Amino acid sequence: MDLGRALSLIRPIPDYPKPGILFQDITPLLANPEAFHRVISEIASLDAQSEIAAGIEARGFIFASAVALQKKIGFVPVRKKGKLPSATYSRSYGLEYGVDEIEIHQDALTPGCKVTLIDDVLATGGTLEAAVALIADAGGVVSSIVVLLEIASLEGRTRIEKIAPDVPLHALVTI
């Protein structure tokens, strides 16, 4: 299956989780094994030097863990506040429809390790901005950022390029 056909399985859901939000539902893509494999292969090919795939809760976990398996590298979760059992670093961020906080274990990364940061959607950039900071807090170096889908009108790319100007930012599809 080609990448375009795989990505065409993402379906927009209007007014979810609240009025005015156009949610991008990836579950049809995930349910199709050929599409899911194609997307994981594409993401895995974008950063040959990474030693860790970090995924942002919750949908970023799906992609980052599969990429880690394919590349035979480690997976590190970036979780919502209060979900990790050991000492954490924490960052608050604004998102398209509210405010939240994410965390990473303080011992999740070895100093200087190269990390591919993976999430499903780049909207306003708040989540990724917080995750980039957390990876630095934990001693890692973001070597690339990969999202399945970018919502260009929300200008998250501009925000990320300001805080990580030398880090490649890949979006498999932009709407």
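Can you go through ASP25, ASP47 and tell me which one is farther than 29 Å from ALA136 by Cβ and open to solvent by less than 60 Å² (accessible area, probe 1.4 Å)? Walk me through it before giving the result.
Numbers: ASP47 fails: farther than 29 Å from ALA136 by Cβ.
Residue meeting the stated conditions: ASP25.
Consider LYS72 carefully, then state whether it is surrounded by fewer than 12 Cβ atoms within 10 Å (Cβ to Cβ) and closer than 27 Å to VAL115 by Cβ. Break it down into steps so the answer makes sense when it comes.
Numbers: surrounded by fewer than 12 Cβ atoms within 10 Å (Cβ to Cβ): yes; closer than 27 Å to VAL115 by Cβ: yes.
Yes: the conditions hold for LYS72.
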For the range 78-88, check the following and say yes or no: at least one residue is under 16 Å from the mean Cα position of the chain (by Cα) and under 15 Å from VAL146 (Cα atoms).
yes
Assuming ARG159 fulfils every condition listed in (1) open to solvent by 60 Å² or more (accessible area, probe 1.4 Å); (2) in contact with a helix residue (DSSP H, G or I) (Cβ under 9 Å, 6 or more places away or on another chain); (3) farther than 24 Å from THR174 by Cα apart from one, which condition is it?
(3)
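Restricting to the range 157-175, give me the number of residues that are closer than 23 Å to THR27 by Cα and either modelled with pLDDT under 95 or in contact with an Asp or Glu (Cβ under 8 Å, 6 or more places away or on another chain) (or both).
Residues of the range 157-175 that are closer than 23 Å to THR27 by Cα, as a first pass: 170-175.
Filter once more, keeping what is either modelled with pLDDT under 95 or in contact with an Asp or Glu (Cβ under 8 Å, 6 or more places away or on another chain) (or both): 171-175.
Selection size over the range 157-175: 5.
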Out of the residues in the range 107-142 that are in contact with a Leu (Cβ under 7 Å, 6 or more places away or on another chain) and polar (S, T, N, Q), which is nearest to GLU57 (Cα to Cα)?
THR127
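Without any contact (Cβ under 8 Å) to a residue 60 or more places away in the chain, in contact with a Leu (Cβ under 9 Å, 6 or more places away or on another chain) and either of a type in the set (A, V, I, L, M, F, W, C) or closer than 25 Å to GLN24 by Cα (or both), is that true of ALA48? Walk me through how you get there before you give the answer.
Details: without any contact (Cβ under 8 Å) to a residue 60 or more places away in the chain: yes; in contact with a Leu (Cβ under 9 Å, 6 or more places away or on another chain): no; either of a type in the set (A, V, I, L, M, F, W, C) or closer than 25 Å to GLN24 by Cα (or both): yes.
It is false that ALA48 is without any contact (Cβ under 8 Å) to a residue 60 or more places away in the chain, in contact with a Leu (Cβ under 9 Å, 6 or more places away or on another chain) and either of a type in the set (A, V, I, L, M, F, W, C) or closer than 25 Å to GLN24 by Cα (or both).
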Out of all the residues in the range 81-100, is one or more out of contact with any Asp or Glu (no Cβ under 8 Å at 6 or more places or on another chain), farther than 29 Å from GLU155 by Cα, open to solvent by 80 Å² or more (accessible area, probe 1.4 Å) and not polar (S, T, N, Q)?
yes
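Every residue, every condition in (1) surrounded by fewer than 17 Cβ atoms within 10 Å (Cβ to Cβ); (2) touching a helix residue (DSSP H, G or I) at 6+ places or on another chain (Cβ under 9 Å), yes or no:
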position: LEU128; (1), (2): no, yes
position: ALA131; (1), (2): no, yes
position: LEU134; (1), (2): no, no
position: GLY139; (1), (2): yes, no
position: SER143; (1), (2): no, no
position: GLU150; (1), (2): no, yes
position: ALA164; (1), (2): no, yes
position: PRO168; (1), (2): yes, no
position: THR174; (1), (2): yes, yes
Residues satisfying the stated conditions in the range 105-122, i.e. over 18 Å from SER65 (Cβ atoms) and buried (at least 24 other Cβ atoms within 10 Å of the Cβ):
LEU122
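The values are calculated or read from the model by the stated rules, or taken from the named source; none is laboratory data. Predicted model only: the values in this text are computed from it and were never measured. Every residue, glycine among them, receives a Cβ derived from its backbone with ideal geometry; neighbour counts consider all protein chains shown. Note: areas computed on protein heavy atoms with side chains; ligands, DNA, RNA excluded. Shrake-Rupley method; radii C 1.70, N 1.55, O 1.52, S 1.80 Å.
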